[in-house]
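What follows is calculated from the coordinates using simple rules that are stated; it is not laboratory data. Small disclaimer: the values here were computed from a predicted structure and weren't measured. All Cβ positions, even for glycine, are placed from backbone atoms using ideal geometry, and neighbour counts span all protein chains on display.
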There are 2 protein chains.
Amino acid sequence: MEDLEGGVDFLADERKKAKFDVEAMKIFWAGSQHKFQVADRMARLVASDPVFKKDDRVRLERKELFKGTLRKAAHAWKRIVELRLSEEEASQLRFFVDEPAYTDLHWGMFIPAIKGQGTEEQQRKWLPLAYRMQIIGCYAQTELGHGSNVQGLETTATFDSETDEFVINSPTLTSSKWWPGGLGKISTHAVVYARLMIDGKEHGVHGFIVQLRSLDDHLPLPGITVGDIGMKFGSGAYNTMDNGVLQFDHVRIPRDQMLMRVLQVTREGKVVQSDVPRQLIYGTMVYVRQTIVYDASRALSKAVCIATRYSAVRRQFGSQNGGRETQVIDYKTQQNRLFPLLASAYAFRIVGDWLNWLYRDVTERLQANDFSTLPEAHACTAGLKSLTTSFTADAIEECRKLCGGHGYLCSSGLPELFAVYVPACTYEGDNVVLLLQVARILMKTVSQLGSGKQPVGTIAYMGRAENLMQSQCSVKKAEDWLNPATVLEVFEARSLRMSVACAKNLSQFSNPEEGFLELSADLVGASVAHCQLIVVSKFIEKLQQDIPGEGVRPNAIALVDAFNYTDHFLGSVLGRYDGNVYPKLYEEAWKDPLNDSVIPDGFHEYVRPLLKRQVRTSRL
Amino acid sequence: MEDLEGGVDFLADERKKAKFDVEAMKIFWAGSQHKFQVADRMARLVASDPVFKKDDRVRLERKELFKGTLRKAAHAWKRIVELRLSEEEASQLRFFVDEPAYTDLHWGMFIPAIKGQGTEEQQRKWLPLAYRMQIIGCYAQTELGHGSNVQGLETTATFDSETDEFVINSPTLTSSKWWPGGLGKISTHAVVYARLMIDGKEHGVHGFIVQLRSLDDHLPLPGITVGDIGMKFGSGAYNTMDNGVLQFDHVRIPRDQMLMRVLQVTREGKVVQSDVPRQLIYGTMVYVRQTIVYDASRALSKAVCIATRYSAVRRQFGSQNGGRETQVIDYKTQQNRLFPLLASAYAFRIVGDWLNWLYRDVTERLQANDFSTLPEAHACTAGLKSLTTSFTADAIEECRKLCGGHGYLCSSGLPELFAVYVPACTYEGDNVVLLLQVARILMKTVSQLGSGKQPVGTIAYMGRAENLMQSQCSVKKAEDWLNPATVLEVFEARSLRMSVACAKNLSQFSNPEEGFLELSADLVGASVAHCQLIVVSKFIEKLQQDIPGEGVRPNAIALVDAFNYTDHFLGSVLGRYDGNVYPKLYEEAWKDPLNDSVIPDGFHEYVRPLLKRQVRTSRL
Ligand SMILES: Cc1cc2nc3c(=O)[nH]c(=O)nc-3n(C[C@H](O)[C@H](O)[C@H](O)COP(=O)(O)OP(=O)(O)OC[C@H]3O[C@@H](n4cnc5c(N)ncnc54)[C@H](O)[C@@H]3O)c2cc1C
Ligand SMILES: Cc1cc2nc3c(=O)[nH]c(=O)nc-3n(C[C@H](O)[C@H](O)[C@H](O)COP(=O)(O)OP(=O)(O)OC[C@H]3O[C@@H](n4cnc5c(N)ncnc54)[C@H](O)[C@@H]3O)c2cc1C
Ligand SMILES: [Ca+2]
């Protein structure tokens, strides 16, 4: 976005080099003309509103920081209501506020959980309250001692048929709920996952709507201990979120607060499976993980935009006869590190758009009782969540290093971006655990090859196993790699061969589960190869037009301009649209509280005595 | 170190599995019985002193944090003097305080710069003042607009023959000194690097001792603008350091404050080269970078210790019939990610010890006017600095991910360790720039093969080029990889072949500098291969004894116990010696300021109105 405060564009020369239409690319990046306009409008709205200022976050201590987040969330809601924003506009506005808040979990997990797992009656009761924010909810699954293995959760929900209630209890310290965002200080309600117990018998883990705090005075209800779990990675960053700890001491809730879409408990304590299939729950996971892939492209593009612009501003070495030094973006090592990340930002955006289509497709099929594509869609979103988040986390840090020393300053924006982004590798499924799930479907597919069952969706290529196992790489000279069909086939052959090799090794084990454990490192490798293939194939599909002949370098700045990010959103002095980096870095420094006084606190007590003392005793 | 507060050792079973003598390994890790005892004593001294408490750092705002650092630095100095500690003991004590402070630059850069670049007279004048801390110094080289390219610095030191003074000046904004640690708030003096100007003629960049602040009232002297550059990555972390900004407005210093060991300016303004060779300066760089390699092994071992212990405590999946779940350290993927990092911690320690020997060897030779090994020693420390710091930074983050969600909490210690460590990839030479320097000596060596000039030191293997270019890999089956000689030869052949390939491509260019720029990405690859070979060869040299037959798993906990780190030093709830993770995580959470009150600040203004309002206007 054209932010030219001072009127001078220090990157003007770079912008003139572009060999493509930046405005058209902006629309491509946004997804459509309509989406572009919504995003553009919301981004400007946020950027121009002083309440949404965020460049002081890293200097605030926890309480002030958190209070600021509450203020922004309230203000966002106020603007949404005042301006009568549509759901699409509201979600874009919240996105550009760019600060993790309790509202993320309310809209992103609490409401979807009720939608996905609640009966129609439950939805009618709870959703209007939640939509109007008359209650605020969070998603309480993970416990202090239990995360990835949801079946290991210890919290119990015991049916009391006398009173027609469930008794929610935390039997041990490790059963304390731990991590849920919004729980620590704000949520009035939670969807709590607990082990269903009836007459001493266990019936698996299910979700329950539990009120945590009084709607009158916000105090925790009797039997509930709740608080914040403390500081997380970075300053600012995710510390705006009140991830919480929660313990239940025999807290009673009415029976109808168990989410009963797939399993019902009757008044008599009988367990009845509904005709809604369990797999429906996968639908929600596909949804959430698809948004995570989309977010990966947003975080990555942000980091790449900063590093690319700064690399064009920064000069180092190579000056001849007193001329200017070389822009570091002109060094081949810098390009080699940076440009693949830039390409990946675009590739992940394309994959995110496609996953969004996949989610809608799966949803339609589910409504028509067609479950055939679900396992593959589920595996594919799990794998792509893992691949794109791991890659993006590493890439943000690489972008920071690409900015040299100045990337280490908070005013570069990159430290906070890294710190706020990395948990995406862990939440919604640890990335390694997810890859092992992908490996299961790959092994199953390989084992069924030749059985007549045709693999579907992103695994369809395995149906061409015979060809791919034998195909010889057609590359003779370097330029042959520019042929998309060749690249695709190479990725397909590689992925298939890795899966087939694993399957062969697996078949040596009499106990397949043992084999799976033993070979898990190789299986993870095969999953990664498969997921890389998906990214490559979706990217190639989209690249109908020729790639501009002059390569990336002349287009670099234009390619990041096409993200259309405001300086407010980027939050980086190094990534400023106008390239006016140095005066702004200098200005920013003086804002540090240490510069409030010339002589720092503690000088008189702890430094002056050193300087003034005559040391006679030291051996030094 | 045996920290068993509660008396229970939750890792006792793991410790029983060890197949080697942990006490002997502790001495190996420390370097000698003597070094072990010093380190052990200093670590306990620091850990038991409440002034050195550091687990609240992440919760402090900048001013309080910085004040705490001043307090610790003063207290450390007090203890050093009171206990009449030797230089070795003092440096260990400072290390275990484990908090970046202005004293690091005073002892680690200011004093060595004067020692390395000052004349004997200058040393006699300045060093006693510095040793007694009657002055405090920093190292002011980098500028806002100039870092890697030292020859590009803009600060000027102009000789005024009338007054026999140098006039230090910052002609532009980008010439502001920027980054020096200790500069922002504390240093009274600095070694300032500036362009020497005499009668309008330039004589390159040299160091000058400049007083910055009054020794009476600590106020900046006339013509000096100085302050802190603001928040850096992470909370706590490097924010204990006052990295600073500094501008000179024609500040005058006596002529004898130019460091004149290699170049002198006479009273008449004549420039005289001394008989001390310029290369001496490389000696200091070899010293500083060697300590950085050693520090890499310390940071890496710390992260690995935390992740290994927690992986033995954490259980996830695999419970049968209600039994306990599997320790995550038993998953092959976890081992595959963790154990190579554990091995690398040991390898880097061995390399660090060897570099220390190399530094002493080079120093002795320099004193005897033997410069023959210097270029190779210089390249080798530059390359190993780059390799070990890049690897360690990535490895710390991998260790954090290996701890799942809890690794994201500051109480895990890993976020702060990462944030405080990563600048090592940038300071003392950007890691890519350093690898390009290594590439130069590799290319030179290859070009001289067959000329009769035998390559020395770590490049000696290139003398066997003919063999290595033709040798066939002798590996037939997997176990053959356990033969150290095979591994070594493979690494040698790989490194040499990469260098030779680059040299061949380079020779195609009529302008070699152009070729070097064009091929720089490949050259970096060749440098990395060469540095990896050095690590592998030093590791193999040291591994005289057989590797214990049962592999790493049973020895894992013992291998990290051998680092002999106190819980204070580790600063991690997940890495506690006793493995009592969960109750301590729980305790730690409640210390967050957000938990000071049940209702958070801001609730009444910004949340209650949402909950209480009847929204009629929203379209949602
Ligand atoms: C910022 C943040 C926000 C969160 N928000 C919420 C929330 O709102 N609600 C909520 O309920 N939870 C939340 N969580 C919790 C999150 O969902 C869990 O942390 C996540 O599921 C990972 O589980 P874990 O922490 O138990 O990791 P673990 O499973 O304990 O992982 C530890 C290590 O073990 C390995 N491992 C585990 N199982 C296996 C296996 N079978 N095979 C091989 N290796 C294995 C992992 O790869 C990892 O290296 C949040 C977490 C974070 C960090
Ligand atoms: C925590 C910290 C403490 C510091 N302490 C001090 C101190 O006490 N005193 C002091 O004087 N300085 C200090 N510094 C500054 C530090 O020495 C510099 O930041 C460092 O030398 C890197 O230089 P730069 O920032 O100019 O990076 P740049 O050189 O600008 O790097 C930017 C990018 O350009 C690339 N690049 C640069 N040149 C080339 C080339 N020729 N070929 C290919 N790529 C290239 C780099 O690889 C990098 O990706 C400190 C820095 C930090 C972060
Ligand atoms: Ca305060």
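Summary of computed values
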{"quantity": "Value of Rg to Rh for the protein assembly as shown (Rh from inverse mean 1/r over Cα pairs, i.e. Kirkwood)", "calculated": "0.96"}
{"quantity": "Residue-averaged 222 nm ellipticity for chain A, from DSSP H runs of 4+ at -39500 (n - 2.57), nearest 500", "calculated": "-15500 deg cm²/dmol"}
{"quantity": "Antiparallel DSSP beta bridges within the protein assembly as shown, as percent of all bridges there, nearest 5", "calculated": "85"}
{"quantity": "Global form of chain B, assessed from the alpha-carbon gyration tensor, a/c cut-off 1.5", "calculated": "oblate"}
{"quantity": "Scattering profile of the range A:334-437 at q = 0.11 Å⁻¹ [log10 I(q)/I(0), Debye over alpha-carbon scatterers]", "calculated": "-0.45"}
{"quantity": "The range A:267-361, Rg to Rh (Cα coordinates; Rh as Kirkwood inverse mean 1/r)", "calculated": "1.40"}
{"quantity": "Computed lengthening from A:F20 to A:R553, 0.36 nm per intervening residue step minus Cα-Cα distance", "calculated": "190.6 nm"}
{"quantity": "D (Stokes-Einstein, µm²/s), Kirkwood Cα radius, the range A:201-242, 1.567 mPa s at 4 °C", "calculated": "95"}
{"quantity": "At most 13 other Cβ within 10 Å, DSSP loop - trypsin sites (Lys or Arg not before Pro), the range B:471-580", "calculated": "B:K476, B:K477"}
{"quantity": "Longest to shortest principal axis, alpha-carbon extents of the range A:391-537, angstrom", "calculated": "59, 43, 24"}
{"quantity": "Cβ-based exposure ranking for B:H203, B:H406, A:H218, in which fewest neighbours within 10 Å come first", "calculated": "B:H203, A:H218, B:H406"}
{"quantity": "The range A:234-299 shape via C-alpha gyration tensor axes, a/c threshold 1.5", "calculated": "oblate"}
{"quantity": "Per-copy distances of the B:K115 label point, shortest first, in nm (7 angstrom along Cα→Cβ)", "calculated": "6.6"}
{"quantity": "Global geometry of the range A:280-542, whether rounded, prolate or oblate, following the gyration tensor of its Cα atoms and the 1.5 cut on a/c", "calculated": "prolate"}
{"quantity": "Two-decimal log10 I(q)/I(0) for the range A:48-139, as the Debye equation yields it once each C-alpha is a single scatterer, q = 0.12, 0.15, 0.23 Å⁻¹", "calculated": "-0.43, -0.64, -1.22"}
{"quantity": "Value of relative contact order over chain A, rounded to a whole percent, pairs C-alpha under 8 Å and six or more apart", "calculated": "17"}
{"quantity": "Descending semi-axes in whole angstrom, ellipsoid equivalent of the range B:137-273, from the Cα gyration tensor", "calculated": "27, 16, 12"}
{"quantity": "Difference of contour (0.36 nm per residue) and Cα-Cα distance, A:E64 to A:S474", "calculated": "141.5 nm"}
{"quantity": "Mean projection area, nm², convex hull over Cα of the range A:103-208", "calculated": "7.1"}
{"quantity": "Net charge of neighbours whose Cβ lies under 15 Å from the Cβ of A:G137, counting Lys and Arg as +1 and Asp and Glu as -1", "calculated": "+4"}
{"quantity": "Net charge contributed by nearby residues that have their C-beta within less than 14 Å of B:F491 (K/R +1, D/E -1)", "calculated": "+1"}
{"quantity": "Sites A:S86 and B:L482, calculated FRET efficiency, Cβ-Cβ separation with R0 56 Å, nearest 0.05", "calculated": "0.30"}
{"quantity": "Normalised contact order of the range B:137-273, rounded percent, pairs of Cα under 8 Å and 6 or more residues apart", "calculated": "28"}
{"quantity": "Square roots of five times the Cα gyration tensor eigenvalues for the range B:194-344, Å", "calculated": "55, 22, 11"}
{"quantity": "Where GluC sites (Glu not before Pro) fall in DSSP loop in the range B:1-99, at most 12 other Cβ within 10 Å", "calculated": "B:E2, B:E5"}
{"quantity": "Simple Cβ-charge dipole of the protein assembly as shown, Lys/Arg +1 and Asp/Glu -1, about Cα centre, in debye nearest 20", "calculated": "60"}
{"quantity": "Using a 7 Å Cα-to-Cβ projection, B:V552 label spacings across copies, nm, ascending", "calculated": "3.2"}
{"quantity": "For chain A, size of Cβ-based charge dipole, Lys and Arg +1, Asp and Glu -1, in debye", "calculated": "1120"}
{"quantity": "The range A:297-403: trypsin sites (Lys or Arg not before Pro) in DSSP coil with no more than 15 other Cβ atoms inside 10 Å", "calculated": "A:R324"}
{"quantity": "The range A:280-542 - percent relative contact order, Cα under 8 Å, separation 6 or more", "calculated": "21"}
{"quantity": "B:S274-B:E364 pseudo-label distance in nm [points 7 Å out on the Cα-to-Cβ vector]", "calculated": "2.5"}
{"quantity": "The range A:268-294 versus the range A:385-404: alpha-carbon centroid distance in Å", "calculated": "32"}
{"quantity": "Pseudo-label separations to other copies for B:L4 - Cα-to-Cβ vector, 7 Å, nm", "calculated": "7.2"}
